[in-house]
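To keep things clear, I will list the structure first and then write my remarks on it.
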Amino acid sequence: MKIKPLQSVRCISCELSCQLFPDAAVRAQYCHRAAFAIWPEGNRFLKTGIIEKLLLNNQNYLSHGFIFIDFSFPNLRLFADPHWVDRLTQSGMHIVLISDRILTPLANYWLAKSNKIQGIIYSDDDEDIQHQKIRRLFTGHLANSKRGRSLNYTEMILLKRFVSGISIQQITKIDNIDIKRIYVYKLRLEDKLGLSIHKILSNIL
């Protein structure tokens, strides 16, 4: 299977916004600031919130920087890809999920599946909880206490198939799953995400 190229990871520590990965800018290699990034880029509200609420008020004591993942519904296609964590791990930076309400079950799945993810900040965490988690992360501890429901492996596979545009009839052949079981898992998946598959697909196309 061909692996898609990773979107670039850029530093948000200062206005220069140097590229950190996959090809680090020369300037970034000699920078004494702790590197921080948001991936994927584009959510300016999240960027402002992270800088003002978390980074300016907490010191990173680690030698490696952090990639804060915009784990939100508009980015669902990225997180249905089973390789996204492995690609970001190659940056050498710590990975932290910032999850919205809809994708919380998927974020919990990835948190349980990958030991490369250091922690998760939920959209409804209050400011004190957010700061406690960041302080733990910036001192080399995990902030991986899971809250809420989680997708299981089969539900994750189905989500990946649906997002890829594969029909239920095709899934029965590809994954050798009985069609009745697929409908059962589909209902469970929709219940956990709080949206029908039809509505999910119509909103991310």
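The values are calculated or read from the model by the stated rules, or taken from the named source; none is laboratory data. These numbers come from a predicted model, not from an experiment. Note: accessible area is taken over every heavy atom of the protein model, side chains too, but ligands, DNA and RNA are not part of it. Shrake-Rupley method; radii C 1.70, N 1.55, O 1.52, S 1.80 Å.
Listing for the model above:
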item	result
Surface share of carbon and sulfur [accessible, 1.4 angstrom probe, percent] for the chain	51 percent
Antiparallel bridges, percent of DSSP beta bridges restricted to the chain (to nearest 5)	15 percent
5 angstrom amide H check on A143, placed H, neighbours 5+ away	G119, I120
Residue-wise HN-Hα coupling along segment 86-93, computed from phi with Karplus coefficients 6.51, -1.76, 1.60 (Hz; x: Gly, Pro)	4, 5, 5, 4, 5, 6, x, 9
Solvent exposure of segment 145-191 as accessible area per residue, Å², 1.4 Å probe	61 Å²
